[in-house]
1. Given C-alpha coordinates of the chain, what is the ratio Rg to Rh with the Kirkwood estimate of Rh?
2. Residue separation times 0.36 nm, minus the C-alpha to C-alpha distance between Leu127 and Lys48: what's the value?
3. For the chain, build the charge dipole from Cβ charges (+1 Lys, Arg; -1 Asp, Glu) around the Cα centre, then report which of His130, Ser91, Phe140 sits farthest towards its positive end.
4. Whenever you get a sec, compute what percent of the accessible area on the stretch 1-118 sits on carbon and sulfur atoms (1.4 Å probe).
5. Using a simple charge model, +1 on the beta-carbon of Lys and Arg, -1 on the beta-carbon of Asp and Glu, nothing else, what dipole does the chain show about its Cα centre, in debye to the nearest 20?
6. Of Ser45, Phe17, Tyr28, which is farthest on the positive side of the dipole of the stretch 1-50, counting Cα position, with +1 on Lys and Arg Cβ, -1 on Asp and Glu Cβ, and the Cα centre as origin?
7. Report, ordered by chain and residue number, the lysines lying within cross-link reach of Lys52, taken as a straight Cα distance under 24 Å and ignoring same-chain residues fewer than 8 apart.
8. Taking a ≥ b ≥ c as the square roots of the Cα gyration tensor eigenvalues, with a/c under 1.5 meaning rounded and otherwise prolate when a/b beats b/c, else oblate, which class fits the stretch 71-134?
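The values are calculated or read from the model by the stated rules, or taken from the named source; none is laboratory data. Predicted, not measured: the structure shown is a model, and the values here were computed from it. Positions of Cβ are backbone-derived with ideal geometry, glycine not excepted, and every protein chain shown enters the neighbour counts. Quick note on the areas: whole protein, heavy atoms, side chains included, nothing else; ligands and nucleic acids left out. Shrake-Rupley method; radii C 1.70, N 1.55, O 1.52, S 1.80 Å.
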Amino acid sequence: TENNQLLWTLGDTVEFFVKPGQDQSVYYEIHLSPNGYIMDLRFPSREKFRSKEIPWEEVIAFESHSWYRTVIFEDGWAAEILIPWPAFDLSQPPRPGTVWQFAICRYNYSSTGKEPELSSTACFQKLDFHRYEDYHRLIFR
């Protein structure tokens, strides 16, 4: 395994979704695995990606340059991530009052052939981690 592999197909993965503003079509998805691998994705448009106007190679070419670490415990694991502002094409934090959207999701794929275990901080109206309409609001102060 290495960085930018399809981590959700290989086992347990935490996925950080960030959408920098409701008025923008772009959103980001960063995966971390317990064994310390990362996958960075940038979706210029969900609709254009789903209709194949934007190829997978363009989405996965993004590098967030995030700092991250994972720790494995006897009964689980933890992840920590710091995503720098330039990953979102910013040189400094957004102005106070700016609203972004985010969700932290988990995809635990088992090699036993059972359905994956899915969980999220967001309350999705239908099961789709890319349904940013249901993400949490992040208000900058």
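1. Reported Rg/Rh (Cα atoms, Kirkwood Rh): 0.95.
2. So the chain would gain 26.5 nm between Leu127 and Lys48.
3. Farthest towards the positive end: Phe140.
4. Using a 1.4 Å probe with all protein chains present, the stretch 1-118 comes out at 50 percent carbon and sulfur.
5. 480
6. Looking along the dipole axis, the top candidate is Ser45.
7. Partners found: Lys19, Lys126.
8. oblate
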